Amino acid sequence: MDRCIVLVDAGYLLGAAASLLAGEPSRSRITVDHTALIQGLRERAESDTQQPLLRIYWFDGAPDRVPQPEHRRLRVMPRVTVRLGALTRSDGRWAQKGVDAAMHAELTELARNRACSDIVLVTGDGDLLPGMMAAKEHGVAVHLWAVQAADGDYNQSEDLVAEADERRVLDRAWITRAVRAKETSGACPPPPVPRPEIAAILSAPLPDSSLAAGAPERPAEERPHPAPAATQNGSAERGPARSVPTPKDLAELRAGAPPVQQPATATLRWSSDKGWVDRPGVPAEPPEAAAMPTLAQLTTAEQRWADREEDITTVGGDPFEVGQVFARRWMSRLGDQIHLQRLSGMYPRIPHRIDGELLRYAARFGLLAHKDDQIDEHDRYAIRAGFWREIGVRTAAEHGPATE
């Protein structure tokens, strides 16, 4: 077949790009425009091989082989197929497992079936040498591409380089069309201004409490401060300090001091591996919150299938977007709109049953990656902010803004 196929080892391509642009092979040090990168690979492959592209295979690792947001964006692009190996942590470092074996199997199978006339390999691993040799024996021309090495030396197996039919180096100018190094400086950068929705959640009032007599009072500089409140232009203003007991304070109180007196309106909840649980004697959520139906209760089997199809094909996995999608589905299936009005009055707190379901839904998009099976705190704020943004748009259209 007179066509070409590109096999990309994402770990090599992005790791080498990070070394070249940021000085270390950590992919967290770079930002990638995947659309531009795929387009660049396609144009370069068709130019080098003088054959039309059949497909780009993107090989990468992921914890438990769960697609990450970048994988979800890639696999819905035209002519792109994503193959995932495992990503495991050992001695404090992440390592890919099964990616090389998957590339080897794909390479030999494509050559054996004569699916193409040219194969482009973007990798540096010598373990692919037997697969490259087998492909050549089946009459396929093998093109080996390297990323320009930061030190000017090889960053590929020399045996792999020697065996390739054609070789090309993707230089800095080509790489920077789609990859950028994240800016860093010696001084600590100022914290980014959060989106207004996230800032509103962070600045929600905490229950006032005071330590009982006899409990040691911490110095003023060690007392916790509330999150800055968002102003209209997105800047933050620091409000008056609140006295909030820390875990150490609570432990000292349990050791013999009188218990902390909570206001009647406060709700103290403790986190555990089973979620948020109420402590005895502390007021629970209002009955109308507990009566709100969850999305699962409102979804039919047909809708569940359609939701999954939409998640796979159109939802990219950005935390803010995930919250919006969840809210749209929940609102569209509500039979009694009184629940929506009640929910708007609870802003910015989401009822715990719905909040738990929202976070479980977000976990499908790989947002648990590298977080020890916990969604990152900033991602949680973004998920909930996306949820409230969609609720606010709906209620503003029907009854005016739900929040000030």
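Among the helices (runs of 4 or more DSSP H) confined to region 296-360, the ones with at least 3 residues that are on the phi < 0 side of the Ramachandran plot and modelled with pLDDT of 90 or more are located at 319-332.
Do we have ARG168 as farther than 22 Å from HIS71 by Cα, of a type outside the set (A, V, I, L, M, F, W, C) and assigned to a strand (DSSP E or B) here?
It is true that ARG168 is farther than 22 Å from HIS71 by Cα, of a type outside the set (A, V, I, L, M, F, W, C) and assigned to a strand (DSSP E or B).
Evaluated against (1) at pLDDT 85 or above; (2) touching a helix residue (DSSP H, G or I) at 6+ places or on another chain (Cβ under 8 Å); (3) under 19 Å from VAL66 (Cβ atoms), ARG384 falls short on exactly one condition, (3).
Residues in region 133-147 that are part of a loop (DSSP other than H, G, I, E, B) and either surrounded by fewer than 18 Cβ atoms within 10 Å (Cβ to Cβ) or at positive phi (or both): HIS138, GLY139. Considering only region 77-94, state which residues are farther than 28 Å from ARG168 by Cβ and among the aliphatic types (A, V, I, L, M). Correct list: ALA86, LEU87. Are there any pairs with C-beta distances below 6 angstrom linking a residue in region 64-92 that is more than 16 Å from HIS34 (Cα to Cα) to a residue that is modelled with pLDDT under 80 and in a strand (DSSP E or B), with the two at least 6 apart or on different chains, and if so which? Correct list of pairs: LEU87/TRP94; THR88/ALA95.
Residues that are basic (Lys, Arg) and over 29 Å from the mean Cα position of the chain (by Cα) do not occur anywhere in region 92-111.
The values are calculated or read from the model by the stated rules, or taken from the named source; none is laboratory data. Because the structure is a prediction, the values reported are computed rather than measured. Positions of Cβ are generated from backbone atoms using ideal geometry, with glycine treated the same way; all protein chains shown enter the neighbour counts.
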